[in-house]
Amino acid sequence: MQELEKILEEINDRFENLTIADDECRKTALSKHNYEQVKYFQNAMFYTERAKGIVEEIIHKHMGNDGWIPVEEHLPEDGQIVIISMYNNIKWVTIGSQCGGVWKPYNYITDLGIDVKAWRYLPDPYRSEKGE
């Protein structure tokens, strides 16, 4: 798992460098009133961020602890539906999302008093051998 964490850290550093470079190019284009280039670099930054999320998701799927990520280490994106492991007098697992650190379990009457310990990405949908 440490190896995957190192790989993820290196990938995140490279994505950060790309974002910084694209933002500098965007600022230069803006100062020259070249709005077509501004739009190009804004799009590049957007797609870089999306790619970063995809890479993080793939690597986290292959990390230890059966894919569970402690909330102290990392939170999913706001509104992203994930599997959560929570405690409220009993330990149980459900699906839910968080926004700004506030968790919303989807099949739970109230979100008061819950203590989310960890979360993991939803699995890929089932695919039969026929590709259906």
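The values are calculated or read from the model by the stated rules, or taken from the named source; none is laboratory data. Please read all numbers here as calculations on a predicted model, not as lab measurements. Virtual Cβ from ideal backbone geometry, glycine too; neighbours counted across all protein chains shown.
Can you name the condition, by its number, that Gln37 falls short on among (1) under 25 Å from Ser97 (Cβ atoms); (2) polar (S, T, N, Q); (3) surrounded by 14 or more Cβ atoms within 10 Å (Cβ to Cβ)?
Unmet for Gln37, out of (1) under 25 Å from Ser97 (Cβ atoms); (2) polar (S, T, N, Q); (3) surrounded by 14 or more Cβ atoms within 10 Å (Cβ to Cβ): (1).
Those residues that are within 16 Å of Gly101 (Cα to Cα) and either charged (D, E, K, R) or out of contact with any strand residue (DSSP E or B) (no Cβ under 9 Å at 6 or more places or on another chain) (or both), I need them from the stretch 55-73; list them, please.
Residues of the stretch 55-73 that are within 16 Å of Gly101 (Cα to Cα), as a first pass: 69-73.
Glu72, Glu73, listed by residue number.
Has the stretch 20-27 got at least one residue that is in a helix (DSSP H, G or I), in contact with a Cys (Cβ under 6 Å, 6 or more places away or on another chain) and at pLDDT 90 or above?
The initial filter retains those residues of the stretch 20-27 that are in a helix (DSSP H, G or I), namely 20-27.
Filter once more, keeping what is in contact with a Cys (Cβ under 6 Å, 6 or more places away or on another chain): none.
There is no residue in the stretch 20-27 that is in a helix (DSSP H, G or I), in contact with a Cys (Cβ under 6 Å, 6 or more places away or on another chain) and at pLDDT 90 or above.
Residue under question is Asn12, and the condition is that it be assigned to a helix (DSSP H, G or I), in contact (Cβ under 8 Å) with a residue 24 or more places away in the chain and not assigned by TED's automatic domain parsing to the domain that holds Ile114; does it hold?
Values: assigned to a helix (DSSP H, G or I): yes; in contact (Cβ under 8 Å) with a residue 24 or more places away in the chain: yes; not assigned by TED's automatic domain parsing to the domain that holds Ile114: yes.
Here the answer is yes, as Asn12 does meet what is asked.
Among the strands (runs of 3 or more DSSP E) lying completely within the stretch 46-132, list those that include at least 1 residues that are surrounded by 13 or more Cβ atoms within 10 Å (Cβ to Cβ), of a type in the set (Phe, Trp, Tyr) and within 13 Å of the chain's Cα centre (by Cα). Don't jump to the end; show me each part of the working.
Details: elements: 82-87, 91-99, 102-105, 115-120.
Counting at least 1 such residues, we get 115-120.
Determine which member of the set Asp22, Asp66, Asp13 is charged (D, E, K, R) and under 20 Å from Pro125 (Cα atoms).
Working: Asp22 fails: under 20 Å from Pro125 (Cα atoms); Asp13 fails: under 20 Å from Pro125 (Cα atoms).
On inspection, the qualifying residue turns out to be Asp66.
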